[in-house]
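**Student:** Structure provided below as structure tokens; questions to follow.
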Amino acid sequence: MNPSFRIAIAGLGTVGSGVMKALAARGEELSRRAGRKLEVVGVSARDAKKQRGFAVTGWTDDPLSLAKRDADVVVELIGGEEGVARALVETALANGKHVVTANKALLAKHGAALAALAEKNGVSLKFEAAAAGGIPIIKALRESLIAHGVDAVKGILNGTCNYILTEMEATGRSFADVLKEAQALGYAEADPTLDVGGGDTAHKLALLSALAFGVAPDLSAMTVEGIEHITPDDIAFASEFGFRIKLLGVARRTERGIDQKVHPAMVRVRSALANVHGAANGVAVDAGAAGPFFFSGRGAGEAPTASAVISDIVEAASGKPGPVFGQPVGSLQKLTPAPAGSSVSRWYLRFEVLDIPGVLAQIAGHLAEAGVSIESMVQRVRSPGAPVAIVMITHETAQSGVERALKAIAASDKVRARPCMIPMEAA
């Protein structure tokens, strides 16, 4: 067997601990797969005294020192787009060490520069665990689905949001109530903003877009909307129309550019994405002539995410470094975003209005002026004197026209809440 492949690990949280346990339990088999003995030679974490259930060797309180010691690969599991995580990855690459990371925020913001640094120094920068946990979507986009190109990627990329929406549908409870439960169960952070606001999904989508379309990751070209405003009524109405609400990250190639967005969307109940439940993730890929593909599985947690990290370590040990985003950095294109508001869809619209004559005619008038045609409508009266819920499904129309109509409608003193607008995905 070849000389040992020496591993330095920064961060022993859920994922780092999972990596250490897997290496301890299956190190011999994994070494055979890598063609080299996998050996942990350095570790750094916040608390040296914490009981972790596995042996820790090569401890250091300074994670940056791992990039300078005698290791072949640095595994960065600290997190964050700046600070120690960025410094560690940059230093490791500059010192000719392979890097494996699960840090989607870092790569979404600095991915192109880090890829150039890896390429310059002839080393790998691998990140299978950075998007969708244990689902091998990175390798699929980088290596397997390249023959005919990719037309679109859409996915449920955040388990916290998917758990919340699944529970809201199952129980009829509000977003706030289910969020509290998710926090108590450990599915949501004490500050859940990054998850429920769509930011975490946006980081992951930026990486999938880069791999799918041969562009540098670009968060600035993405619109992001979370699930905080989704109500039990929206979920019930979606079910009535044969749909289910999911938070999707969607990236599409269009004639006018790449359309990237994170938003709640309605997907048909019979579709694969609609049947990704709980904290699971799912990704649908339209690979042109090769056809549609669907990937699903656990998107977070110790075992699935550690599995993705281990896969990258074994690959770094056994093979030559390949382009980080599937092609040399110099050939990555600058992402040209599709014009704002240009996406075309059917739309779910919900209005909370006063139950008085003329309101429906006023809403219909504004929609007609904006060129928005209504396919179907439902009206619900809750109780005497309470606002009325009016729900409409439009025919296919451009987002900009719907937004223009909703802006005019929202200005009416007869409308009691911000109109809700959710796209209806075909798949």
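**Student:** If you find the alpha carbon centre of the stretch 269-327 and of the stretch 209-245, how far apart are they in angstrom?
**Tutor:** Distance between centres, Cα-based: 19 Å.
**Student:** Starting from the Cα gyration tensor of the stretch 124-168, multiply each eigenvalue by 5, take the square root, and state the resulting semi-axes largest first in whole Å. It would help to have the intermediate numbers written out before the result.
**Tutor:** Working: eigenvalues 129, 43, 8 Å².
Semi-axes (√(5λ), whole Å): 25, 15, 6.
**Student:** Using the Cα centre as the reference, give the magnitude of the dipole from point charges on the C-beta atoms of the stretch 154-293 (Lys, Arg: +1; Asp, Glu: -1; all else neutral), rounded to the nearest 20 debye.
**Tutor:** Working: 12 positive and 17 negative charges, 120 e Å.
For the stretch 154-293, the charge dipole is close to 580 debye.
**Student:** Once the dipole of the stretch 115-271 is set up with Lys and Arg at +1 and Asp and Glu at -1 on Cβ about the Cα centre, which of Ile235, Asn121, Val224 lies farthest towards its positive end?
**Tutor:** The residue sitting most towards the positive pole is Asn121.
**Student:** What is the Cα coordinate range of the stretch 40-152 on the first, second and third principal axes, sorted by size from largest, in whole angstrom?
**Tutor:** Taking max minus min along each principal axis of the Cα atoms, the stretch 40-152 gives 51, 32, 23 Å.
**Student:** Using DSSP to call loops (not H, G, I, E or B), can you name the trypsin sites (Lys or Arg not before Pro) in the stretch 225-311 whose Cβ has at most 16 other Cβ atoms within 10 angstrom? Don't skip to the end; give the middle numbers.
**Tutor:** Numbers: sites: Arg244, Lys246, Arg252, Arg253, Arg256, Lys261, Arg268, Arg270, Arg298; in loops: Arg256, Arg270.
Answer in residue order: Arg256, Arg270.
**Student:** Less than 15 Å Cβ to Cβ from Gly53, Lys/Arg counted +1 and Asp/Glu -1: what total charge do the surrounding residues give? Please report the intermediate quantities before stating the final value.
**Tutor:** Details: positive: Lys21, Lys49, Lys50, Arg52; negative: Asp47, Glu302.
Result for the neighbourhood of Gly53: +2.
**Student:** Given a 1.4 Å probe and the protein chains all in place, what does the accessible area of Leu194 round to, in Å² to the nearest 10?
**Tutor:** 90 Å²
**Student:** For mean projected area of the Cα convex hull in nm², one of (i) 19.0; (ii) 21.8; (iii) 25.5 was computed from the structure I shared and the rest are decoys. Which label?
**Tutor:** Among (i) 19.0; (ii) 21.8; (iii) 25.5, the one derived from this structure is (ii).
**Student:** Debye calculation, C-alpha points only, no solvent: report log10 I(q)/I(0) for the stretch 281-421 at q = 0.11, 0.14, 0.22 Å⁻¹, in the same order as the q values.
**Tutor:** Normalising to I(0) and taking log10 leaves -0.69, -0.83, -1.31.
**Student:** Where nothing but the Cβ of Lys and Arg (+1) and of Asp and Glu (-1) is charged, how large is the charge dipole of the chain around its Cα centre, in debye to the nearest 20? Write down the numbers at each step before the final one.
**Tutor:** Values: 45 positive and 44 negative charges, 155 e Å.
About 740 debye.
**Student:** May I pose another question? State to the nearest 20 debye the size of the charge dipole of the stretch 1-130 about its Cα centre, where the only charges are +1 on K and R beta carbons and -1 on D and E beta carbons. Before the final figure, lay out each step's value.
**Tutor:** Values: 19 positive and 14 negative charges, 59 e Å.
I would put it at about 280 debye.
**Student:** Where does each of 113-124, 149-160, 23-34, 278-289 land if you order them by average Cβ count within 10 Å, highest first? Intermediate results must be reported in sequence, preceding the final value.
**Tutor:** Details: 113-124: 18.8, 149-160: 24.3, 23-34: 14.4, 278-289: 20.4.
Those peptides, ordered most packed to least, come out 149-160, 278-289, 113-124, 23-34.
**Student:** Right, something else. Taking R0 as 56 Å, what's the FRET efficiency between Arg380 and Glu29 from their Cβ-Cβ distance, rounded to 0.05? Write down the numbers at each step before the final one.
**Tutor:** Working: r = 59 Å, r/R0 = 1.05.
So the FRET efficiency works out to roughly 0.40.
**Student:** Straight-line reach from Lys334: which lysines have Cα under 30 Å away, leaving out those fewer than 8 places along the same chain?
**Tutor:** Lys97, Lys104, Lys109, Lys120, Lys126, Lys139, Lys154, Lys204, Lys246, Lys261, Lys320
**Student:** Sticking with this structure for a sec: With point charges of +1 on the Cβ of Lys and Arg and -1 on the Cβ of Asp and Glu, referenced to the Cα centre of the chain, which listed residue (Pro63, Val73, Asn103) lies farthest in the positive direction of the dipole?
**Tutor:** The residue sitting most towards the positive pole is Val73.
**Student:** Moving on. I need the Debye-formula profile for the stretch 183-298: one equal scatterer per C-alpha, no solvent, reported as log10 I(q)/I(0) at q = 0.10, 0.23 1/Å, two decimals.
**Tutor:** The calculated log intensity ratios at q = 0.10, 0.23 Å⁻¹ are -0.33, -1.50.
**Student:** Would you mind telling me the share, in percent, of accessible area of the chain contributed by carbon and sulfur at probe 1.4 angstrom? Mind showing how you got there, number by number?
**Tutor:** Details: 9330 of 18120 Å².
Ligands and nucleic acids excluded, carbon and sulfur reach 52 percent.
**Student:** Would you mind telling me which residue in Gln333, Gln51, Gln362 has the biggest mean-square fluctuation in a Gaussian network model of the chain, where springs connect alpha carbons within a distance under 10 angstrom?
**Tutor:** In this elastic network of the chain, the residue with the biggest mean-square fluctuation among Gln333, Gln51, Gln362 is Gln51.
**Student:** Keeping all protein chains in place, calculate the accessible area per residue for the chain (probe 1.4 angstrom), answer in Å². All intermediate terms of the calculation are to be shown ahead of the outcome.
**Tutor:** Working: 18120 Å² over 427 residues.
Counting only protein heavy atoms, the per-residue value for the chain is 42 Å².
The values are calculated or read from the model by the stated rules, or taken from the named source; none is laboratory data. Computed from a predicted structure; not experimentally measured. Glycine gets a Cβ as well: all are built from the backbone with ideal geometry, and neighbour counts include every protein chain shown. Surface areas here come from the heavy atoms of the whole protein model, side chains and all, with no ligands, DNA or RNA. Shrake-Rupley method; radii C 1.70, N 1.55, O 1.52, S 1.80 Å.
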